[in-house]
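A.B. asks: Let me give you the structure first, and then I'll get to my questions.
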Amino acid sequence: MKLIYEKSQAGRRGLGVPKPELPVPEVPEALRRKTPPRLPELAEPEVLRHFTELSTRNFGIDTGFYPLGSCTMKYNPRINERLVGLPGFAALHPLVEDDAAQGALELEWNLQEILREVTGLDAVSLQPAAGSQGELTGLMLFRAYFEDRGESAQRRKIVIPDTAHGTNPASVTMAGFELTHVQTDARGNIDVDDLRAKVDGETAGLMLTNPSTLGLFDENIEEIEKIFHGAGALMYYDGANLNAVCGISRPGDMGFDVVHINLHKTFSQPHGGGGPGGGPIAVRDILEPFLPVPVVVRDGDTFRLEHDRPKTIGKVRAFTGPFGVFVRSYAFIRSYGPGLREMSEAAVLNANYLLARLQDVYDLPYERLCMHEFVLSARSLKKEHGVSALDVAKRLMDYGFHPPTIYFPLVVPEALMIEPTESEAKETLDAFVDAMRAIAAEAADDPQLLHEAPHDRPVRRLDEVRAAKQPVVRYAFDD
């Protein structure tokens, strides 16, 4: 397929550019273009066909099964898009006065209240625009809390397990803390003995995903809570896997002090390609004074933004957060109502169904029931046939499925991390199982077939090392 610039023909027009209305604002000389912009020249039908054809090369949840594993890629109901496009939401200026944005503020306040209930905590900030920013914000609250207590010089260490999301250690470093790793035991839990030896008076807190990136609920969570709170430290819950436990268990009840919620994962926001996203945080009452401002509050029947919080860490994002994400997530939650528990139960059921049907052809590192996702290993395929997890993932594309996350978490060699979500019908899950089993058989019969996969995609295997070292990110004209 040619690039649109390669299809360009000099002098061909699909539209006429309107002349600006007079008077034209004076543009400073330094900012004026010396030559007209170099734009492709095509007739309107060619432009339409080009971008329509380009769209068919995208893969998303609307085109097929997306069992990514490290990201909950569920179906986004179309009603969400209709609601977020309503003029009162889409055309609302972010600087409008509070009394002219009562509907939007009410929606934000209601969403905060729902998230308080889901997490079992006391207060919520909607500001963070992604889970990673929610992590950083939560750790900034840790810092503010210990500074307020005069312990900031002492509390320097954050403990994370070796199954943590990759953003966890990055957030720890950015927030100015020191990283302490803790190992995973033979059942996929945090190794409590290793943990106990590493928590002391210098520990600021724990960052934990529960269920973990292995898809396993930590069996020792009550003991872990006693270790950290007994040492005067705090507990941070990475809510990336909240889709497994909504309405079933609450992080606040487990003893966590801060939770971030990936609205774009748990509550259906489409987020492929890096955005958009939302990462609100919920906190225990001891951390509420430090929340970012402004805070959405309710006064009787009206709503307003409160800026006067003397101990606040300040702003972490412009305005009150990614409002379009709030509308979609609120619509999704209200559609489910109390059925959020059913959402999580279906996600867990789907994952365990896939696990049960695949564990005899792929290695299962931890023989336990999983939660919303699970990790298999292609270790035996690699050892016996030279077929890697990457080969399996590339071959899945020929069967019409988006590959799952591979080589993560790092504690599992040749990892395949699979999350079906609650969106998929049994027939789709069965088709995925058939493809995975067929690939395992192909690995034994014709490993070269997998080494060269994918075979029928517009782009075959790329030289990823070269692409990272020598990226081509702009079109270069011949002249």
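The values are calculated or read from the model by the stated rules, or taken from the named source; none is laboratory data. Predicted, not measured: the structure shown is a model, and the values here were computed from it. Note that we place each Cβ from the backbone using ideal geometry, even for glycine, and neighbour counts take in every protein chain shown. All accessible areas refer to the heavy atoms of the entire protein, side chains included, with ligands and DNA or RNA removed. Shrake-Rupley method; radii C 1.70, N 1.55, O 1.52, S 1.80 Å.
A.B. asks: What list of ³J(HN,Hα) couplings, whole Hz, do you get for segment 123-129 from phi and the Karplus terms 6.51, -1.76, 1.60, once you set θ to phi - 60° and write x for glycine and proline?
C.D. replies: Rounded to whole hertz, the list is 8, 9, 10, 8, 4, x, 9.
A.B. asks: Continuing with the same structure: Dipole of segment 328-385 (Lys/Arg Cβ +1, Asp/Glu Cβ -1, origin at the Cα centre): which of 385, 355, 337 lies farthest to the positive side?
C.D. replies: 337
A.B. asks: Moving on to the next point. Percent of accessible area on the chain owned by carbon and sulfur, 1.4 Å probe?
C.D. replies: Heavy-atom surface of the chain belonging to carbon and sulfur, 1.4 Å probe: 53 percent.
A.B. asks: How much accessible area per residue does segment 48-155 have, in Å², with a 1.4 Å probe?
C.D. replies: 49
A.B. asks: Follow-up question, since we're still on this one. Once amide H atoms are built 1.01 Å from N in the peptide plane, which residues 5 or more positions from residue 235, or in another chain, come under 5 Å H to H?
C.D. replies: Amide H neighbours of residue 235: 206, 257, 258.
A.B. asks: Here's another thing I want to ask about it. Could you state the principal axis extents of the C-alpha atoms in segment 319-432, from the largest down, to the nearest angstrom?
C.D. replies: Here the spans come out as 52, 32, 28 Å, largest first.
A.B. asks: Can you give me the C-alpha center-to-center distance between segment 207-276 and segment 421-447, rounded to a whole angstrom?
C.D. replies: For segment 207-276 versus segment 421-447, the Cα centre distance is 30 Å.
A.B. asks: Given the C-alpha centroids of segment 133-149 and segment 65-104, what is the distance between them in whole angstrom?
C.D. replies: Spelled out, the Cα-based centre of one part sits 28 Å from the other.
A.B. asks: Also, I was wondering about something else. About its Cα centre, how strong a charge dipole does segment 128-228 have in debye, to the nearest 20, once Lys and Arg get +1 and Asp and Glu get -1 at the Cβ?
C.D. replies: Around 320 debye, computed over segment 128-228.
A.B. asks: Protein chains only, probe 1.4 Å: how do 174, 371 rank by accessible area, largest first?
C.D. replies: 174, 371
A.B. asks: Using modelled amide H (1.01 Å from N, peptide plane; none on Pro or chain starts), what sits under 5 Å from the amide H of residue 184, excluding residues fewer than 5 places away?
C.D. replies: For residue 184, whose amide H was placed from the backbone, the distant partners under 5 Å are 162, 191.
A.B. asks: Using a ≥ b ≥ c from the Cα gyration tensor of segment 44-120 (square roots of the eigenvalues), is it rounded, prolate or oblate, where a/c under 1.5 gives rounded and otherwise the larger of a/b and b/c decides, a/b for prolate?
C.D. replies: oblate
A.B. asks: For segment 222-227, just list the computed ³J(HN,Hα) in residue order, Karplus coefficients 6.51, -1.76 and 1.60, θ = phi - 60°, integers in Hz, with x standing in for Gly and Pro.
C.D. replies: 5, 5, 4, 4, 5, 4
A.B. asks: A further question on this structure: Highest mean first, how do 224-235, 261-272 rank when packing is the count of other Cβ atoms within 10 Å averaged over residues?
C.D. replies: The packing order, highest mean first, is 261-272, 224-235.
A.B. asks: What is the list of residues in segment 135-168 whose amide nitrogen lies under 19 Å from a point 7 angstrom out from the Cα of residue 306, following Cα to Cβ?
C.D. replies: 141, 145
A.B. asks: Starting from the Kirkwood radius over alpha-carbon pairs of segment 238-327, derive D by Stokes-Einstein at 4 °C in a medium of 1.567 mPa s and give it in µm² s⁻¹.
C.D. replies: 88
A.B. asks: Then there is this: Indicate the gyration tensor shape class of segment 1-136 (rounded, prolate or oblate), computed on the Cα atoms with a ≥ b ≥ c the square roots of the eigenvalues: a/c under 1.5 is rounded; otherwise a/b larger than b/c is prolate and the rest oblate.
C.D. replies: oblate
A.B. asks: Taking the Cα centre of segment 202-295 as the origin and placing charges on Cβ (Lys, Arg +1; Asp, Glu -1), which of 244, 213, 277 is farthest toward the positive end of the dipole?
C.D. replies: The listed residue farthest towards the positive side: 277.
A.B. asks: Same structure, new question: With the cut-off at 1.5 for a/c, could you classify segment 365-444 from its C-alpha gyration tensor as rounded, prolate or oblate?
C.D. replies: It is oblate, given that a/c is not under 1.5 and a/b is not larger than b/c.
A.B. asks: Further, regarding this structure: Using only helices, what value at 222 nm comes out for the chain when you add -39,500 (n - 2.57) per DSSP H run of length 4 or more and divide by the total residues, to the nearest 500 deg cm²/dmol?
C.D. replies: -10500 deg cm²/dmol
A.B. asks: Straight-line reach from residue 198: which lysines have Cα under 30 Å away, leaving out those fewer than 8 places along the same chain?
C.D. replies: Answer for residue 198, where 30 Å is the Cα cut-off: 157, 226, listed by chain and number.
A.B. asks: Just name one of 416, 23, 138: the one whose Cα is farthest towards the positive end of the charge dipole of the chain (beta-carbon charges, Lys/Arg +1, Asp/Glu -1).
C.D. replies: 23
A.B. asks: State the percent of C-alpha pairs, over all pairs in the chain, separated by a distance greater than 30 angstrom.
C.D. replies: That fraction is 55 percent.
A.B. asks: Applying the Karplus parametrisation 6.51 cos²θ - 1.76 cosθ + 1.60 with θ = phi - 60° to the phi angles of segment 429-440, what ³J(HN,Hα) value in whole Hz is obtained for each residue in order, glycine and proline being reported as x?
C.D. replies: In residue order, the calculated couplings are 4, 5, 5, 5, 4, 4, 5, 5, 6, 5, 5, 4 Hz.
A.B. asks: So with the 1.4 Å probe, I'd like the accessible area per residue for segment 330-384, rounded to whole Å².
C.D. replies: 50
A.B. asks: Hey, another quick one. How large is the dipole of the chain about the Cα centre if only Lys and Arg carry +1 and Asp and Glu carry -1, each at its Cβ, rounded to the nearest 20 debye?
C.D. replies: 1560
A.B. asks: With only Lys, Arg, Asp and Glu charged, each at its Cβ (+1 for the first two, -1 for the last two), find how big the charge dipole of segment 284-404 is about the Cα centre; round to the nearest 20 debye.
C.D. replies: Dipole of segment 284-404, to the nearest 20 debye: 320 debye.
A.B. asks: What residues have an amide H closer than 5 Å to that of residue 405, excluding those fewer than 5 places away on the same chain, when H is modeled at 1.01 Å from N in the peptide plane?
C.D. replies: Amide H to amide H, under 5 Å and 5 or more residues apart or across chains, residue 405 pairs with 69, 70, 417.
A.B. asks: Sticking with this structure for a sec: Using the Cβ atoms and a cut-off under 12 Å, what net charge is assigned to the surroundings of residue 363, where Lys and Arg are +1 and Asp and Glu are -1?
C.D. replies: -1
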